[in-house]
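Step one of this worksheet: look at the structure below.
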Amino acid sequence: MDFQNQPRIQPIFHPLLSNRKLEMAILRLDEVHPLVPGNKFFKLKYNLQQARNEGKSTVLTFGGAFSNHIHATAAASQMKGFKSIGVIRGEDIDSKNPTLAYARRMGMELLFVDRKTYREKDSLSLIGELRQKFGDFYLIPEGGTNQLAIQGTSEILSPETSTFTHLTTPIGTGGTGMGLAASLLPYQTLLGISVLKREFIRLEFENLAAQYQVRSKGQVQIETQFHFGGYAKWKPELIEFIRWFWKEFQVPLDPIYTGKMGYAIWEKIKTDKFPPYSKILLIHTGGLQGSQGFTHRTGIELPYSFKVK
Ligand SMILES: *Cc1c(COP(=O)(O)O)cnc(C)c1O
């Protein structure tokens, strides 16, 4: 994790943009680290430092069968010399899927639990049982969102991104959105695209901000219309959009997070929701490892190939 590329800001050109006097670029966090790409790099960075400071040798976390967070935690732990344990939702899942196979290759020990047990992931009694089973560990919550993750994701924006008026990110647990909100400049708007179907997502985001005492100097807007039926759900239009985006710009988007963000922003452009002279920065939060899992589970090929090292 010490090695970190400065993420590239890749400009995007299209008549739809120039006709409306809009500018757009993509912040390529997917290129920030070869093994731990995307927002997960920023979410894990200070957590693993903290684990080291506390003298822990094992890291334990929770995730779904195709989780980017599991993938990233396995790789980062291996790189930093920690043993890692992944508690995985579901007992009936294909434990040989590309994400879990990779996590195992990175030395992660996997524990499959039924969905009812998984829902207890924040309870002291389950954590206690896990400590009895595995010994002491540094706990990273599902999706990796905690105070130190927010500290990390508040480093995504930089002087180079200060000329943009609108920044966009997918919203899962909201940890990345929190860090971005905390570092907005007064004239900037963050558009968070919820990838989950959650009725109270705006309220949940506000509660998270209160919990972590995040105050934004800019505007934060959460879009709830672009989840395509819920987490990891999709429709043919989404896949078409990802194919079109690749053909047009050679930028790979994943169907779980960045594809939904891209689709949402493009819809808003088409329907003139951005004022002229807006400068829009799409934050590419990574997640491309999940594309293999998507193809594995749906049989749908995506136009780019992503090979994990
Ligand atoms: C995990 C993830 C997100 C969601 O981040 P949160 O901090 O949970 O909101 C967004 N994009 C990608 C590619 C991810 O892997």
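Laboratory data are not the source of any read-out in this text; all were calculated from the coordinates shown. Every value quoted in this text rests on a predicted model; they were computed, and no experiment measured them. Note that we place each Cβ from the backbone using ideal geometry, even for glycine, and neighbour counts take in every protein chain shown.
Quick notes on this structure:
- Helix-derived mean residue ellipticity, 222 nm - over the chain, DSSP H n ≥ 4, -39500 (n - 2.57), to 500: -11000 deg cm²/dmol
- Helix axis angle, 201-211 relative to the chain longest principal axis, alpha carbon, degrees: 60
- Gaussian network model of the chain, springs between alpha carbon atoms under 10 Å - residue of I256, I269, I26 with greatest fluctuation: I269
- The label point for E120 and the one for K133, both projected 7 Å from the Cα toward the Cβ, are 1.0 nm apart.
- A straight Cα-to-Cα reach below 20 Å connects K121 with the aspartates and glutamates E91, D92, E109, E129, D136, E142, E204, residues fewer than 8 places away in its own chain not being considered.
- Most mobile of A51, A210, A25 in a GNM of the chain (Cα contacts under 10 Å): A210
- Counted residue by residue at 0.36 nm each, then reduced by the alpha carbon distance between them, the extension gain from Y231 to Q6 reaches 78.0 nm.
- Test item: Cα-centred dipole of the chain, Lys/Arg +1 and Asp/Glu -1 on Cβ, debye: 180
- Once you divide the Cα radius of gyration of the chain by 2.2 N^0.38 Å, the number left is 0.97.
- Eligible aspartates and glutamates near K273 by straight Cα distance, threshold 16 Å, same-chain separation 8 or greater: E23, E223
- Annotation: extensible slack from Q213 through I93 equals 39.4 nm (criterion: 0.36 nm per residue apart, minus Cα-Cα distance).
- Cross-link table K40/K260; K247/K279; K45/K197; K45/K83; K40/K247; K233/K260, entries beyond 20 Å C-alpha to C-alpha: K247/K279; K45/K197; K40/K247
- Pairwise label distance in nanometres, L203 with L185, each label 7 Å out on the Cα-Cβ vector: 3.6
- When peptides 6-14, 134-142 are ranked by their average number of other Cβ atoms within 10 Å per residue, the highest-first order is 134-142, 6-14.
- Theoretical gain in end-to-end length, T295 to T271 [0.36 nm per residue, Cα-Cα removed]: 5.5 nm
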